[in-house]
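Have a look at the structure below before the remarks.
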Amino acid sequence: MSFILFVSAEFPPCGGGGVGRVSAIARHLADTGHHVTVITASENNYSILDSSLLYEHPNLQVVRVYSPLIKTWQWRLKKIFPFINFDDNYILWRAFAIKKAKKLHRKIPFDAVISSYPFVSNHAVAYAIVKAFSLPWCADYRDPPWWMYSDTHKQQNQFFNYAKYATHNIVTTPNAKMLLSNKLSVANSDISVVQNGCSPVAATMVLSKPVEFEFLHSGSFYEVGRDINDLIKAVDVFPNPIKLSFIGDAPYPSTKSLLTKMVHPERVSFTGYMSSTEVLTISAATYALVVIQGPLFTNQVPGKVYEYLALQKPILVITNKGSSTYQVLTKEPNVFFAEYGDVNSIQQAIVMILQHKAVDVDRNSYTRDKMVEQFSMVLHTNVFNINQS
């Protein structure tokens, strides 16, 4: 049995797309005999709470480290340290987490460290522990923010400076692996691709036939990189009375302006955050599901894609050819592509979806079971064996 420190500031009952990945990994490691200590943030740091992923196991210890909210202290810190970037909400948590992790290690030494986060803070904590105690370290970068792919963004260097010290790095797409390999000048064997997956619940949801043509987009959208305005324009002038629903985010200013000019504003609706189970239930009852990934996210595949696939519904994917999302989904029988930024292309894809009869697939093949098994194999091949040699 190995004693593992798992650094993840966002852990259940924190809600959000990426939490399912870390929760499943920690659970699998505990289930397979490892003693896992998760060092995470206190609940006051979470803007979204979702208790559906909470899990207890004798081998799993969750240590919550309190820190003040970054928003409370941001203006003060900016005055003293004007060079600090606040893209990462756990900057204040870092110092407290490092102190606690060192104390835990001195009590019962860890054999290895895992950190998982798309930003920097979790990896900064892991690096401090690894440097202090010479431990092997696996850094899981999930789906990093857009600036990781921008050579002109000042945070990119900081991101890669941590990655180069890890024993092994894990990303979710081949495109991200290629980028990381080029930036770090390391062999491909030092980086693994472990794709995301969905909750087993998605594969067991009862699928119903909707009485209306409703297209659903769940999760975040952005004016730059994941813009919903072209989709709204396409639905507004579509000859069939299609309903377009968004769950999660509120419309941004340009969308609000667009809604006032629509011919059919009643076709579009926005609903605030819901728990993952609620979203799945609604998704299973809708006509079609929507994924939007612009050029800014060309190296990423959103985790909800796997939920959508497991629900065996028609999926409208608005992206560019060559993107990671396109590459992963191009052979899926229930997926229809439209070019990002092209209203006509979106309308053509909608026409095809309305004529489509869902193709039966192995719904269980999209769950996190495959992901955690692959993640565990990567750990044992590239991290644990180093510690035991």
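The values are calculated or read from the model by the stated rules, or taken from the named source; none is laboratory data. Model, not experiment: these values are computed from the prediction. Cβ coordinates were reconstructed from backbone atoms using ideal geometry, including for glycine residues, and neighbour counts include every protein chain displayed. These accessible areas exclude ligands, DNA and RNA; they are computed on the full protein's heavy atoms, side chains included. Shrake-Rupley method; radii C 1.70, N 1.55, O 1.52, S 1.80 Å.
Structure notes:
- Residue list for segment 128-173, restricted to those being out of contact with any Leu (no Cβ under 7 Å at 6 or more places or on another chain), crowded, with 20+ Cβ neighbours inside 10 Å, modelled with pLDDT of 95 or more and assigned to a helix (DSSP H, G or I): V130
- Subset of segment 239-269 [touching a residue at least 60 places away in the same chain (Cβ under 8 Å) and open to solvent by 40 Å² or more (accessible area, probe 1.4 Å)]: N240
- Residue list for segment 237-259, restricted to those being of a type in the set (K, R) and either part of a helix (DSSP H, G or I) or over 17 Å from L289 (Cα atoms) (or both): K256
- Against the numbered list (1) at pLDDT below 95; (2) at negative phi, K100 comes up short only at (1).
- Just one of the listed residues (V206, V211) is in contact (Cβ under 8 Å) with a residue 12 or more places away in the chain, assigned to a loop (DSSP other than H, G, I, E, B) and open to solvent by 20 Å² or more (accessible area, probe 1.4 Å), and it is V206.
- When residues of segment 1-11 are limited to those that are in contact with an Asp or Glu (Cβ under 8 Å, 6 or more places away or on another chain) and surrounded by fewer than 22 Cβ atoms within 10 Å (Cβ to Cβ), the one farthest from D88 (Cα to Cα): S2
A quick yes/no check of all residues on (1) closer than 28 Å to L280 by Cα; (2) part of a helix (DSSP H, G or I); (3) in contact with a Cys (Cβ under 6 Å, 6 or more places away or on another chain); (4) not aliphatic (A, V, I, L, M):
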residue: M1; (1), (2), (3), (4): no, no, no, no
residue: L5; (1), (2), (3), (4): no, no, no, no
residue: P12; (1), (2), (3), (4): yes, no, no, yes
residue: G17; (1), (2), (3), (4): yes, no, no, yes
residue: V22; (1), (2), (3), (4): yes, yes, no, no
residue: R27; (1), (2), (3), (4): yes, yes, no, yes
residue: V38; (1), (2), (3), (4): yes, no, no, no
residue: E56; (1), (2), (3), (4): yes, no, no, yes
residue: S67; (1), (2), (3), (4): no, no, no, yes
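- In this structure, L69 does not qualify as under 19 Å from the mean Cα position of the chain (by Cα) and at pLDDT below 95.
- Here S276 qualifies as among the hydroxyl-bearing types (S, T, Y) and in contact with a Leu (Cβ under 9 Å, 6 or more places away or on another chain).
- Every test in (1) open to solvent by 30 Å² or more (accessible area, probe 1.4 Å); (2) in a helix (DSSP H, G or I); (3) under 30 Å from Y162 (Cβ atoms); (4) touching a residue at least 12 places away in the same chain (Cβ under 8 Å) is passed by L180 save one, and that test is (1).
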